[in-house]
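The values are calculated or read from the model by the stated rules, or taken from the named source; none is laboratory data. None of these values were measured; they are calculated from a predicted model. For neighbour counting, all protein chains shown are included, and Cβ atoms are generated from backbone atoms with ideal geometry for every residue, glycine included.
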Amino acid sequence: MAGFLDLLLTDPVLGAHLGADADLAAMLRVEVALARACGQCGLIPANAAQVIELSASDFVPDIDRLARDTLRDGIVVAGLVKQLRAHVGEPHGQHVHFGATSQDIIDTALALRLKGIFELFEARLQTLAGTLLDLESRFGANRLMGRTRMQAAIPITVADRLAVWRGLVGRAQSDLPALRDRNLILSLAGPAGTADRLGDRIGAVREAMAGQLQLTVPDYVPHAARDRIAALGGWLSQVTGALGKIGQDVALMAQNEIGEIALSGAGGSSAMAHKQNPVLAEALVTLARFNAVQVSGLHQALVHEQERSGAAWTLEWMILPPMLGATGTALLHAQRMLAAVVRIGHL
């Protein structure tokens, strides 16, 4: 995306959770946790696990090689493991990635990154809820014309309209804990979902890894069961849809002929100096529509063939990060827009 669009359409804080550096760091954390757990459970030598952990701490992957390997393999983990094994050296390098498959590493690394992202979203939703409550205390008793189908209906108060906005934000907040629980899970099932190399110690290895990474162990094999990702996409669209509805209302209320809201710092025009465009409100509508379109793609990605898919999984990689980014950006813009309100309604 062009640099001049960054502040309008991206969230630099969230971007740090979504970039290649964060992804690689999370995957290395998973590999180290796997080595520790296998060492604890007697599947690899305990000293091998210690050497792997120490080596991973100063390992810097060759990104250009990883890009070429990913083009060849369709996944980054094969090339990453090869480089890490070489860095660890023999005789311990052979124990890197024991019993796991690429999807275990990538999916668990996603869960680790989602942990920080959920915390960010939760904090921003809480701040936004507080801002809406403050607006109600300041302007709730003011008069508005209620509108149905964009036509004047009957008089209402600002509190009546804000109640709808607050409810949308509040329900998104209420739905987040269950969504977090569904997605912050460990994936460790091996090449075909049977964890064959880990044998009867698979349960102990999973529990040890999950404890280290502060994730939970699912009661199903998550490789080809992607309903949790679809649910995440639905919630992201729910959030941006809620904020888009608020943005649409604000844009309509800000029309010159209506004048039911006043915002400081509204946008200017290159040709009409008198204009104050509700830019952030418009951006909220755009971000809501963007995420709504992406939901169908994540539902397409529910269709994984047999035990693991390449195509459906890759589709998730294309769709989910921009949806997360759009949600973070929308939360920033909504807070900035509502904090700029100087008046709603009429006395």
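Some values worked out for this structure:
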quantity: Residues that are assigned to a helix (DSSP H, G or I) and surrounded by 15 or more Cβ atoms within 10 Å (Cβ to Cβ), drawn from the range 128-159; calculated: L128, A129, T131, L132, L135, E136, F139, V158, A159
quantity: Long-range neighbours under 7 Å by Cβ, at least six apart or interchain, first residue farther than 30 Å from T127 by Cα and free of Cβ contacts under 8 Å to residues at least 12 places away in the same chain within the range 150-168, second part of a strand (DSSP E or B) and of a type outside the set (A, V, I, L, M, F, W, C); calculated: A153/G146; A153/R147; I154/G146
quantity: Of all residues making up the range 187-240, the number that are part of a helix (DSSP H, G or I), within 24 Å of the chain's Cα centre (by Cα), among the small types (G, A, S) and surrounded by fewer than 19 Cβ atoms within 10 Å (Cβ to Cβ); calculated: 4
quantity: Hey, V51 in contact with a Ser or Thr (Cβ under 9 Å, 6 or more places away or on another chain), of a type in the set (V, I, T) and at pLDDT 95 or above or not; calculated: no
quantity: Filter result for A163 (in contact with a Lys or Arg (Cβ under 7 Å, 6 or more places away or on another chain) and assigned to a helix (DSSP H, G or I)); calculated: no
quantity: Pair list, Cβ < 6 Å and 6+ apart or interchain, from the range 223-241 residues that are closer than 14 Å to I319 by Cα to residues that are β-branched (V, I, T) and surrounded by fewer than 20 Cβ atoms within 10 Å (Cβ to Cβ); calculated: G233/V295; S237/V295
quantity: Meets criteria (within 26 Å of A16 (Cβ to Cβ) and buried (at least 18 other Cβ atoms within 10 Å of the Cβ)) for I105; calculated: yes
quantity: Some residue of the range 46-61 being surrounded by fewer than 16 Cβ atoms within 10 Å (Cβ to Cβ), of a type in the set (S, T, Y) and more than 30 Å from G244 (Cβ to Cβ); calculated: yes
quantity: Residue in the range 31-54 that is more than 23 Å from A204 (Cβ to Cβ) and touching a helix residue (DSSP H, G or I) at 6+ places or on another chain (Cβ under 7 Å) present; calculated: no
quantity: Residue within the range 96-119 that is basic (K, R) and touching an Asp or Glu at 6+ places or on another chain (Cβ under 9 Å) present; calculated: yes
quantity: Residue check for E307: surrounded by 17 or more Cβ atoms within 10 Å (Cβ to Cβ) and either touching a residue at least 24 places away in the same chain (Cβ under 8 Å) or among the aliphatic types (A, V, I, L, M) (or both); calculated: no
quantity: Pair list, Cβ under 6 Å, 6 or more apart: the range 175-196 residue over 17 Å from V217 (Cα atoms), other residue β-branched (V, I, T); calculated: P191/T101
